[in-house]
Amino acid sequence: QVQLVESGGGLVQPGGSLRLSCAASRSIFSFDSMGWYRQAPGKPRELVARVSSGGTTNYADSAKGRFTIARDNAKNTVYLQMNSLKPEDTAVYYCHARDDFYDYWGQGTQVTVSS
């Protein structure tokens, strides 16, 4: 059973920064990709950023230029550095991993951007 454990969410003012972490219970080399999704109240879950096993990254248009996804293979951890946060970034952020057979999800971490 794969576990993905997120941390780093919280309350931040507009323009501030947060770094989310996702620690996997097995080597992240075993995943085809890892990423971050978010879901705001009343809205569908959407992709924020993704990194493949080869290091290729993809970002939602709303995240480009502000968010950076990175992986630390030695720590089996994926990070999402979020800068210049806006109120519309408020959501529950979920870590995601995919291998040849399954999609795995973390429990989510709340990010609230408000003054």
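The values are calculated or read from the model by the stated rules, or taken from the named source; none is laboratory data. Because the structure is predicted, anything quoted here is derived from the model rather than measured. Please note: Cβ atoms are built from the backbone with ideal geometry, for glycine as well, and neighbour counts cover all protein chains shown. When the accessible area is computed, the model is the full protein with side chains, heavy atoms only, and any ligands, DNA or RNA have been set aside. Shrake-Rupley method; radii C 1.70, N 1.55, O 1.52, S 1.80 Å.
Residues in the range 24-45 that are surrounded by 18 or more Cβ atoms within 10 Å (Cβ to Cβ) and either under 11 Å from the mean Cα position of the chain (by Cα) or more than 15 Å from ASP100 (Cα to Cα) (or both): how many?
6
Just to be sure I understand, how many residues within the range 29-45 are part of a loop (DSSP other than H, G, I, E, B) and closer than 16 Å to LYS75 by Cα?
Qualifying residue count, the range 29-45: 1.
Can you work out which of the residues in the range 86-115 that are under 14 Å from the mean Cα position of the chain (by Cα) and in a loop (DSSP other than H, G, I, E, B) is farthest from GLY35 (Cα to Cα)?
That would be THR90.
Do we have any residue at all in the range 46-56 that's open to solvent by 60 Å² or more (accessible area, probe 1.4 Å), in a strand (DSSP E or B) and β-branched (Val, Ile, Thr)? Before you say what the answer is, go through the steps one by one.
First, the residues of the range 46-56 that are open to solvent by 60 Å² or more (accessible area, probe 1.4 Å): 46, 50, 53-54, 56.
If we keep only those that are in a strand (DSSP E or B) as well, we get 46, 50.
Then drop every residue that is not β-branched (Val, Ile, Thr), which leaves none.
Looking through the range 46-56, none of the residues is open to solvent by 60 Å² or more (accessible area, probe 1.4 Å), in a strand (DSSP E or B) and β-branched (Val, Ile, Thr).
Select from the range 61-85 the residues that are among the β-branched types (Val, Ile, Thr), within 14 Å of PHE29 (Cα to Cα) and either over 11 Å from the mean Cα position of the chain (by Cα) or surrounded by fewer than 21 Cβ atoms within 10 Å (Cβ to Cβ) (or both) and list them in ascending order.
Scanning the range 61-85 gives a single hit, THR77.
Only one of ALA91, ALA60, ALA70, ALA97 is in contact (Cβ under 8 Å) with a residue 12 or more places away in the chain, within 15 Å of GLN110 (Cα to Cα) and of a type in the set (Gly, Ala, Ser); which? Before you say what the answer is, go through the steps one by one.
Values: ALA60 fails: within 15 Å of GLN110 (Cα to Cα); ALA70 fails: within 15 Å of GLN110 (Cα to Cα); ALA97 fails: within 15 Å of GLN110 (Cα to Cα).
Result: ALA91 is the single residue among ALA91, ALA60, ALA70, ALA97 that is in contact (Cβ under 8 Å) with a residue 12 or more places away in the chain, within 15 Å of GLN110 (Cα to Cα) and of a type in the set (Gly, Ala, Ser).
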